[in-house]
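*Asks:* Below are the structure tokens for one structure; questions will follow.
The values are calculated or read from the model by the stated rules, or taken from the named source; none is laboratory data. Please read all numbers here as calculations on a predicted model, not as lab measurements. Every residue, glycine among them, receives a Cβ derived from its backbone with ideal geometry; neighbour counts consider all protein chains shown. SASA here: full protein model, heavy atoms, side chains in, ligands and nucleic acids out. Shrake-Rupley method; radii C 1.70, N 1.55, O 1.52, S 1.80 Å.
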Protein chains: 2
Amino acid sequence: MNNYMLKDENAIYYECGYSCDNALYLRLGSEAFFITDSRYTIDAAEGVKNAQVIIDGDLYGAAAKLLKEHRIKKMTFDPKEWTLMGYEKISKDSDIRFDAVQDFSHKKRIIKTDKELKILAKAAKLGRKAFGDLANNFRMDGKGKDEFALTYLAKSILSDFGKYELSFDPIVAIGPNAAKPHARPTNRKLFKGDLLLVDAGLKYKRYCSDRTRTVEFGKDFTFDTHQKFKRKKIQKAYDTVLKAHDHAIKKARCGMKAKEVDALTRDIITRAGFGGYFVHSTGHGVGLDIHEMPYISAKSDTVIEDGMVFTIEPGIYMPGEFGIRIEDMVAMVDGKAKVL
Amino acid sequence: MNNYMLKDENAIYYECGYSCDNALYLRLGSEAFFITDSRYTIDAAEGVKNAQVIIDGDLYGAAAKLLKEHRIKKMTFDPKEWTLMGYEKISKDSDIRFDAVQDFSHKKRIIKTDKELKILAKAAKLGRKAFGDLANNFRMDGKGKDEFALTYLAKSILSDFGKYELSFDPIVAIGPNAAKPHARPTNRKLFKGDLLLVDAGLKYKRYCSDRTRTVEFGKDFTFDTHQKFKRKKIQKAYDTVLKAHDHAIKKARCGMKAKEVDALTRDIITRAGFGGYFVHSTGHGVGLDIHEMPYISAKSDTVIEDGMVFTIEPGIYMPGEFGIRIEDMVAMVDGKAKVL
């Protein structure tokens with residue numbers, strides 16, 4: 001693994017502390033190169049650590065030239081990260097052996113350093129605080145507003161009015177719209193007694209937070225996990241999701257496979273008769289990317305270790321009726337899951 | 001071109017009127033298929049026109065199966081749009097001839113239909129109105145605010161408080177920060193007499209607007225192109241950019257090559273002695289993507305035709321001092337450039 005090449009913005013940031021939307025990073029033995037175009041000359045000179053900055057409008061041409069000059073024989077890369085065009089430009093007329101390693105950078109990043117854990121804990125803390133502020137705001141001003149307006153409020157408050165970037169476009173879904181795990185806003189308006197699902201996160205020092213709460217909207221609602229719903233069917237589904245969520249956080253251990261952690265939530269939901277309505281995995285790793293390793297899915301044999309950070313987010317989705325999801329981020333510390 | 005495959009979200013939207021962040025589109029002769037995962041079942045069923053919706057967690061596997069069933073012999077695709085992994089999954093163990101055509105979808109989309117022209121004109125109109133609203137807001141509330149807060153205000157107003165998506169994160173740059181064509185916000189605060197550059201756009205029915213103005217901030221400022229600056233050097237650079245901008249819009253004609261349109265701005269800036277400080281192209285096409293064909297660059301032999309929509313955005317960037325850019329969108333109509 002002495003030589004590798006990266007194209008993804010976060011993968012590059014992880015190596016040298018700076019990145020932008022048009023960059024290429026080469027690690028050649030003990031040397032490293034950050035290649036970008038002239039729009040980023042000033043920022044790259046200031047931000048890039050431990051790599052030589054090269055300004056060239058033709059990133060791939062500049063990289064191919066460096067590989068040749070350094071007489072590189074073998075090169076590791078992630079085939080998910082490179083377009084066919086980029087790969088062909090850099091590998092054309094070369095006798096280098098290119099080793100495709102899927103998720104190369106994500107694998108490097110699966111165990112967080114202490115510094116990363118502190119940043120992620122801060123991101124999660126800011127995200128939790130933002131949910132509190134959002135509840136205050138929705139209690140005062142949410143009634144009668146549609147999902148577009150509520151999503152805008154969520155963006156404003158999550159970003160602390162422009163101070164933080166968001167991990168992703170927040171999901172604010174009312175009633176049956178919450179049955180879509182990746183709901184987009186509609187004209188549906190929020191009224192007392194409506195089910196309200198909010199899935200949102202912000203970035204602190206480029207690291208993501210991620211959190212979901214489902215509540216019954218009313219003048220006293222909070223984003224606490226203890227929630228009362230008028231409809232018995234919703235309450236039953238909610239209590240099942242909460243039980244699955246709490247159980248997985250309590251029982252997740254280092255040494256388990258990710259699919260065993262997935263089973264901690266899935267078995268409870270299946271036994272309650274909702275198995276067919278839990279249409280996604282239990283969780284995903286969180287770091288510089290909002291979705292990274294480990295994936296807490298029924299298929300994953302990844303062994304859970306200290307320093308991993310991931311979400312626990314079981315859900316039940318009844319098409320046309322409602323959707324429920326409760327999500328927290330955990331870090332594995334001393335063998336157990338600690339809620340961030 | 002009877003068979004082609006698409007992976008890009010906007011390329012797919014152009015074909016079937018719906019798209020999402022995990023989709024694959026196949027055109028196989030007279031048939032078409034839209035493949036996505038179960039998170040988008042409800043929306044895809046509602047939104048996709050003229051294509052059969054297939055729900056499958058393994059997009060590439062489902063696509064490979066369809067190619068086999070339809071005994072496809074030849075397939076066109078854009079190597080910029082496909083990752084090496086995606087391409088290999090779909091082409092593995094197949095004797096199909098895959099023809100790589102760079103910018104395949106962008107080439108299809110370079111001449112806008114009348115319907116698209118109307119949508120783009122509306123997007124531009126909304127963008128222009130938003131700049132007016134932004135000026136009102138900055139006059140009242142901008143003084144003393146830093147670039148983070150001003151960028152947040154720009155996002156709020158451009159989106160009409162959540163009603164529209166943005167074409168890109170707005171650029172709001174003060175003084176020397178404007179010398180970076182792709183400036184990111186800083187803690188720098190806005191005061192009377194400061195140079196202020198705003199580059200922003202919004203999406204209407206998924207089509208982008210794009211607009212840049214550079215002004216001297218004060219209590220009576222507007223985003224009009226007639227601007228007075230205290231510093232003579234800035235005024236000279238500004239007048240040069242405005243002259244280049246107006247000249248190109250007046251003189252651009254169908255039948256010219258894109259590089260001839262680029263020369264319309266570049267020659268004026270070069271003759272004024274600022275040639276080395278105009279570090280980018282004159283403009284770019286605008287449509288579903290904020291950057292698409294035609295590219296109005298010194299290297300492009302693309303012949304300009306009626307129905308093309310692109311920006312005219314000359315600029316002068318003095319590192320550490322200031323940056324100026326004036327940008328409008330034009331559509332080619334009856335052989336001439338019409339400002340949208």
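*Asks:* Which residues, taken from the stretch B:79-94, are of a type in the set (Gly, Ala, Ser) and open to solvent by 30 Å² or more (accessible area, probe 1.4 Å)?
*Replies:* B:Ser94
*Asks:* If you scan the stretch A:64-80, which residues turn out to be closer than 22 Å to A:Lys107 by Cβ and among the hydrophobic types (A, V, I, L, M, F, W, C)?
*Replies:* A:Ile72, A:Met75, A:Phe77
*Asks:* Here is a further query. Which condition breaks for B:Glu147 when tested against (1) of a type in the set (Asp, Glu); (2) within 20 Å of the chain's Cα centre (by Cα); (3) crowded, with 22+ Cβ neighbours inside 10 Å?
*Replies:* Every condition holds for B:Glu147 apart from (2).
*Asks:* Looking for something modelled with pLDDT of 95 or more, within 30 Å of B:Leu66 (Cβ to Cβ) and part of a loop (DSSP other than H, G, I, E, B) - is there at least one such residue anywhere in the stretch B:155-173?
*Replies:* No, that holds for no residue.
*Asks:* Hey, can you tell me all the residues within the stretch B:184-208 that are open to solvent by less than 10 Å² (accessible area, probe 1.4 Å) and in a loop (DSSP other than H, G, I, E, B)?
*Replies:* B:Leu190, B:Gly201 - these are the residues of the stretch B:184-208 that are open to solvent by less than 10 Å² (accessible area, probe 1.4 Å) and in a loop (DSSP other than H, G, I, E, B).
*Asks:* Could you list all residues from the stretch A:209-224 that are acidic (Asp, Glu), assigned to a loop (DSSP other than H, G, I, E, B) and over 24 Å from A:Ala121 (Cβ atoms)?
*Replies:* The answer is A:Asp220, and nothing else.
*Asks:* Can you tell me which residue is farthest from the other protein chains (Cβ to nearest Cβ) among those in the stretch A:42-56 that are surrounded by 15 or more Cβ atoms within 10 Å (Cβ to Cβ) and among the hydrophobic types (A, V, I, L, M, F, W, C)?
*Replies:* A:Ala51
*Asks:* Check B:Tyr277, B:Tyr295 and return the single one that is touching a His at 6+ places or on another chain (Cβ under 6 Å), in the same structural domain as B:Ala121 (by TED's automatic domain parsing), open to solvent by 50 Å² or more (accessible area, probe 1.4 Å) and not β-branched (Val, Ile, Thr).
*Replies:* The conditions single out B:Tyr295.
*Asks:* Now, a different point. Residues in the stretch A:133-159 that are farther than 20 Å from B:Leu153 by Cα and among the polar types (S, T, N, Q): how many?
*Replies:* Number satisfying all stated conditions: 1.
*Asks:* Turning to a different aspect of this structure: Taking A:Lys180 as the residue in question, decide whether it is within 14 Å of chain B (Cβ to nearest Cβ), buried (at least 19 other Cβ atoms within 10 Å of the Cβ) and of a type in the set (Lys, Arg).
*Replies:* Against the criterion (within 14 Å of chain B (Cβ to nearest Cβ), buried (at least 19 other Cβ atoms within 10 Å of the Cβ) and of a type in the set (Lys, Arg)), A:Lys180 qualifies.
*Asks:* Within the bounds of the stretch B:225-236, is there any residue that is loosely packed, with under 14 Cβ neighbours inside 10 Å, outside any helix (DSSP H, G or I) and among the charged types (D, E, K, R)?
*Replies:* Among the residues of the stretch B:225-236, at least one is loosely packed, with under 14 Cβ neighbours inside 10 Å, outside any helix (DSSP H, G or I) and among the charged types (D, E, K, R), which makes the answer yes.
*Asks:* From the list B:Lys118, B:Lys129, pick out the single residue that is closer than 21 Å to B:Ile12 by Cα and either open to solvent by less than 30 Å² (accessible area, probe 1.4 Å) or not polar (S, T, N, Q) (or both).
*Replies:* B:Lys118
*Asks:* Let me ask you something else. Residue by residue through the stretch B:315-326, note down the ones that are in contact with a Lys or Arg (Cβ under 7 Å, 6 or more places away or on another chain) and more than 14 Å from chain A (Cβ to nearest Cβ).
*Replies:* Of everything in the stretch B:315-326, just one residue is in contact with a Lys or Arg (Cβ under 7 Å, 6 or more places away or on another chain) and more than 14 Å from chain A (Cβ to nearest Cβ), namely B:Ile326.
*Asks:* Can you give me the number of residues within the stretch B:244-265 that are touching a His at 6+ places or on another chain (Cβ under 7 Å) and either modelled with pLDDT under 95 or within 15 Å of B:Ala331 (Cβ to Cβ) (or both)?
*Replies:* 0
*Asks:* For the stretch B:150-165, enumerate the residues that are open to solvent by 10 Å² or more (accessible area, probe 1.4 Å) and away from chain A (no Cβ under 11 Å).
*Replies:* B:Ile157
*Asks:* Restricting attention to the stretch A:315-340, and to residues there that are assigned to a loop (DSSP other than H, G, I, E, B) and of a type in the set (Asp, Glu), which single residue is farthest from A:Ile174 (Cα to Cα)?
*Replies:* A:Asp334
*Asks:* Go through (1) of a type in the set (Asp, Glu); (2) within 14 Å of chain B (Cβ to nearest Cβ); (3) out of contact with any Ser or Thr (no Cβ under 9 Å at 6 or more places or on another chain) one by one and return the number of the condition A:Asp133 breaks.
*Replies:* Going through (1) of a type in the set (Asp, Glu); (2) within 14 Å of chain B (Cβ to nearest Cβ); (3) out of contact with any Ser or Thr (no Cβ under 9 Å at 6 or more places or on another chain) one by one, A:Asp133 breaks only (2).
*Asks:* Restricting to the stretch A:310-328, what's the tally of residues that are more than 20 Å from A:Ala263 (Cβ to Cβ) and either β-branched (Val, Ile, Thr) or open to solvent by less than 20 Å² (accessible area, probe 1.4 Å) (or both)?
*Replies:* Result for the stretch A:310-328: 3.
*Asks:* Please verify whether A:Leu288 is at pLDDT 95 or above, surrounded by 18 or more Cβ atoms within 10 Å (Cβ to Cβ) and more than 21 Å from the chain's Cα centre (by Cα), treating the condition exactly as stated.
*Replies:* The answer is no for A:Leu288.
*Asks:* Give just the number: which of (1) within 11 Å of chain A (Cβ to nearest Cβ); (2) surrounded by fewer than 20 Cβ atoms within 10 Å (Cβ to Cβ) does B:Arg39 not satisfy?
*Replies:* (2)
Here is a yes/no grid of residues against (1) more than 22 Å from A:Asp289 (Cα to Cα); (2) within 21 Å of the chain's Cα centre (by Cα); (3) open to solvent by 10 Å² or more (accessible area, probe 1.4 Å); (4) within 11 Å of chain B (Cβ to nearest Cβ):
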position	(1), (2), (3), (4)
A:Lys7	no, yes, yes, yes
A:Asn10	no, yes, yes, no
A:Ser19	no, yes, no, no
A:Leu24	no, no, no, no
A:Ile96	yes, no, yes, no
A:Gln102	no, yes, yes, yes
A:Lys108	no, yes, yes, no
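*Asks:* Another question about this same structure. Assuming A:Ile174 fulfils every condition listed in (1) within 14 Å of another protein chain (Cβ to nearest Cβ); (2) under 19 Å from B:Phe161 (Cβ atoms) apart from one, which condition is it?
*Replies:* Going through (1) within 14 Å of another protein chain (Cβ to nearest Cβ); (2) under 19 Å from B:Phe161 (Cβ atoms) one by one, A:Ile174 breaks only (1).
*Asks:* Those residues that are more than 16 Å from A:Leu59 (Cβ to Cβ) and more than 10 Å from chain B (Cβ to nearest Cβ), I need them from the stretch A:76-93; list them, please.
*Replies:* A:Thr76, A:Asp93 - these are the residues of the stretch A:76-93 that are more than 16 Å from A:Leu59 (Cβ to Cβ) and more than 10 Å from chain B (Cβ to nearest Cβ).
*Asks:* Another question, then. If you scan the stretch A:243-278, which residues turn out to be free of Cβ contacts under 8 Å to residues at least 40 places away in the same chain and assigned to a loop (DSSP other than H, G, I, E, B)?
*Replies:* Within the stretch A:243-278, A:Ala272, A:Gly273, A:Phe278 qualify.
*Asks:* Being modelled with pLDDT of 95 or more, in a strand (DSSP E or B) and of a type in the set (Gly, Ala, Ser) narrows it down to one residue among A:Ala32, A:Ala11; which is it?
*Replies:* A:Ala32
*Asks:* Out of all the residues in the stretch A:302-314, is one or more in a loop (DSSP other than H, G, I, E, B) and within 14 Å of another protein chain (Cβ to nearest Cβ)?
*Replies:* Yes, because at least one residue in the stretch A:302-314 is in a loop (DSSP other than H, G, I, E, B) and within 14 Å of another protein chain (Cβ to nearest Cβ).
*Asks:* Restricting attention to the stretch B:279-293, and to residues there that are assigned to a strand (DSSP E or B) and not small (Gly, Ala, Ser), which single residue is nearest to B:Phe322 (Cα to Cα)?
*Replies:* B:His284
*Asks:* Which residues, counting only those in the stretch A:198-225, are more than 18 Å from the chain's Cα centre (by Cα) and touching a residue at least 12 places away in the same chain (Cβ under 8 Å)?
*Replies:* Of everything in the stretch A:198-225, those that are more than 18 Å from the chain's Cα centre (by Cα) and touching a residue at least 12 places away in the same chain (Cβ under 8 Å) turn out to be A:Thr214, A:Val215, A:Glu216, A:Phe217, A:Gly218, A:Lys219, A:Asp220, A:Phe221, A:Thr222, A:Phe223, A:Thr225.
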